[in-house]
Amino acid sequence: MSGKIFLISDSHFGHKNIIKYCNRPFDNVEDMNSTLIKNWNSVVDNEDYVYHLGDFGLGTKNELMSIGNKLNGHKILVMGNHDHMSKTAYKECGFDKVEKGPLRLRFDGDKIVYLLSHYPISNLEDNECNIFGHIHNQHNHLVRPPKTYCVSVERINYTPIEFEELLNNSDLKK
């Protein structure tokens, strides 16, 4: 795999009410969508890989296709609780791979297994770490268990986070 690896979750493209529910700093859904697309493309190049850990967007397939086709990189979706279209429909929206999850990511010679999921996973094995979304900016989840990291957009400045940066700024270690 060449290119960098990025992670993001809970973009909720097209979801007007998420602005209010999560106190997002956008005036309207158009402002949110355009900012999320701009932020994404400011860090992700076409040869990079982006693992989107669920809740990509709400709207018609054509609306989500329009958004997905504007996003750089090879996109892999781990479906979340708001991802209601078929796997085929998400592939038509620009995803190379669509899974229910969790996905297991392991690097050559690495003993750590990174579980990529929409929901947080408890009861991790000693050699497992969990990268997840779903909880957005809920205050009751601000303290996170060891070996876990939330990549909901509210926690990563509405911009995909590079895997190496995540490792360098957390207790997740390769």
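The values are calculated or read from the model by the stated rules, or taken from the named source; none is laboratory data. Predicted, not measured: the structure shown is a model, and the values here were computed from it. Neighbour counts are summed over all protein chains in view; Cβ atoms, including those assigned to glycine, are modelled from backbone coordinates with ideal geometry. When the accessible area is computed, the model is the full protein with side chains, heavy atoms only, and any ligands, DNA or RNA have been set aside. Shrake-Rupley method; radii C 1.70, N 1.55, O 1.52, S 1.80 Å.
Summary table below
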{"read-out": "Cα long-axis angle, helix 29-43 against the chain (0 to 90 degrees, to the nearest 10)", "value": "40 degrees"}
{"read-out": "Most mobile of Phe132, Phe163, Phe107 in a GNM of the chain (Cα contacts under 10 Å)", "value": "Phe107"}
{"read-out": "Choice from His82, His136, His52 with maximal GNM fluctuation in the chain (Cα, 10 Å cutoff)", "value": "His82"}
{"read-out": "Ranking by accessible area, most exposed first, for Arg106, Arg24 with a 1.4 Å probe", "value": "Arg106, Arg24"}
{"read-out": "The chain, accessible surface, carbon-and-sulfur percent (1.4 angstrom probe)", "value": "47 percent"}
{"read-out": "Computed over segment 37-118, Cα set: Rg, Dmax in Å", "value": "13.2, 42"}
{"read-out": "For the chain, Kirkwood radius (reciprocal of mean inverse C-alpha pair distance, Å)", "value": "16.1 Å"}
{"read-out": "Computed [θ] at 222 nm, helices only, for the chain once each DSSP H run of length n ≥ 4 contributes -39500 (n - 2.57)", "value": "-6500 deg cm²/dmol"}
{"read-out": "Per-residue SASA entry for Ile121, accessible area with 1.4 Å probe, Å² rounded to 10", "value": "50 Å²"}
{"read-out": "Cross-link pairs Lys16/Lys147; Lys91/Lys147; Lys70/Lys147; Lys16/Lys75; Lys87/Lys111 - those with Cα-Cα distance over 29 Å", "value": "Lys16/Lys147; Lys91/Lys147; Lys70/Lys147; Lys87/Lys111"}
{"read-out": "Segment 84-90 - phi-based ³J(HN,Hα) in whole Hz, Karplus 6.51/-1.76/1.60, Gly and Pro as x", "value": "9, 7, 6, 4, 4, 5, 5"}
{"read-out": "Inter-label distance for Lys111 and Leu167, nm, one decimal - labels placed 7 Å from Cα along Cα-to-Cβ", "value": "1.5 nm"}
{"read-out": "Tail weight of P(r) past 11 Å, computed on alpha-carbon pairs of segment 7-54, percent", "value": "70 percent"}
{"read-out": "For Val98, residues with placed amide H under 5 Å, excluding near neighbours", "value": "Leu77"}
{"read-out": "For segment 30-88, size of Cβ-based charge dipole, Lys and Arg +1, Asp and Glu -1, in debye", "value": "180 debye"}
{"read-out": "Beta bridges per DSSP with both ends in the chain, % antiparallel, nearest 5", "value": "20 percent"}
{"read-out": "Hits among aspartates and glutamates - C-alpha to C-alpha of Lys100 under 13 Å, sequence gap 8 or more where chains match", "value": "Asp55, Asp83"}
{"read-out": "Where segment 1-160 is the region considered: accessible area per residue in Å², 1.4 Å probe", "value": "50 Å²"}
